[in-house]
Amino acid sequence: MVSRIWHGYTTFENADKYENLLREEVLTGIKNRNIKGYKGIQLFRRNHKKETEFITVMWFDSLESVKEFAGRDYEQAVVPPSARKILSRFDAISQHYDVRIDQFK
């Protein structure tokens, strides 16, 4: 299994707006693509002193499944234009990890 981790940041004022965009548009769009090997996504959120951080952790069966999601240059962040308008900054590159222990089952 492969985990894809990405960080994005927004202002406090835009945090709820960004989370709603993720829930209503972005995550639904990913699910509707029916990507073979895509297992799901987790969203984490926390406030820092001056901004709100979001972390997405996506789960895939293999690196080939990640490539189906993100394309040949699979390390590049996949951030739709609507999200780019709300985010103040974000990782240009996503990190990928081989999952060695999975105790959620």
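The values are calculated or read from the model by the stated rules, or taken from the named source; none is laboratory data. All of these numbers come straight from a predicted model, not from anything done at the bench. Note: ideal-geometry Cβ built from the backbone for every residue, glycine included; neighbour counts use all protein chains shown.
If you go through segment 26-52 and keep only what is closer than 25 Å to Asp73 by Cα, surrounded by 13 or more Cβ atoms within 10 Å (Cβ to Cβ) and charged (D, E, K, R), you end up with just Lys39.
In segment 12-30, which residue that is without any contact (Cβ under 8 Å) to a residue 60 or more places away in the chain and hydrophobic (A, V, I, L, M, F, W, C) is farthest from Gly40 (Cα to Cα)? Quick ask: steps written out before the conclusion?
Pass one, segment 12-30, residues without any contact (Cβ under 8 Å) to a residue 60 or more places away in the chain: 12-13, 15-16, 19-20, 23-30.
Filter once more, keeping what is hydrophobic (A, V, I, L, M, F, W, C): 12, 15, 26-27, 30.
Working: Phe12: 26, Ala15: 22, Val26: 13, Leu27: 9, Ile30: 9 Å.
If we take residues in segment 12-30 being without any contact (Cβ under 8 Å) to a residue 60 or more places away in the chain and hydrophobic (A, V, I, L, M, F, W, C), then Phe12 is farthest from Gly40 (Cα to Cα).
Remark: Thr52 falls outside the filter, which requires a residue to be at pLDDT 95 or above, under 13 Å from Ser3 (Cβ atoms) and of a type in the set (S, T, N, Q).
Of the residues making up segment 53-101, those that are surrounded by 14 or more Cβ atoms within 10 Å (Cβ to Cβ), within 16 Å of Phe12 (Cα to Cα) and without any contact (Cβ under 8 Å) to a residue 60 or more places away in the chain are Glu53, Phe54, Ile55. Within segment 7-25, the only residue that satisfies the criterion of being polar (S, T, N, Q) and either exposed (fewer than 13 other Cβ atoms within 10 Å of the Cβ) or closer than 14 Å to Pro81 by Cα (or both) is Asn20.
Restricting segment 21-43 to residues that are touching a strand residue (DSSP E or B) at 6+ places or on another chain (Cβ under 7 Å) and not aliphatic (A, V, I, L, M), the residue that is farthest from Met58 (Cα to Cα) is Gly37. Checking every residue in segment 83-95 against the condition of being of a type in the set (A, V, I, L, M), outside any strand (DSSP E or B) and at pLDDT below 95 gives zero matches. The numbered conditions (1) in contact with a helix residue (DSSP H, G or I) (Cβ under 9 Å, 6 or more places away or on another chain); (2) at pLDDT below 95 are all true for Arg23 except (1).
Does segment 67-82 hold any residues that are part of a helix (DSSP H, G or I) and among the acidic types (Asp, Glu), and which are they?
So the first thing to find is which residues in segment 67-82 are part of a helix (DSSP H, G or I), and the list is 67-70, 81-82.
The answer is Glu68, and nothing else.
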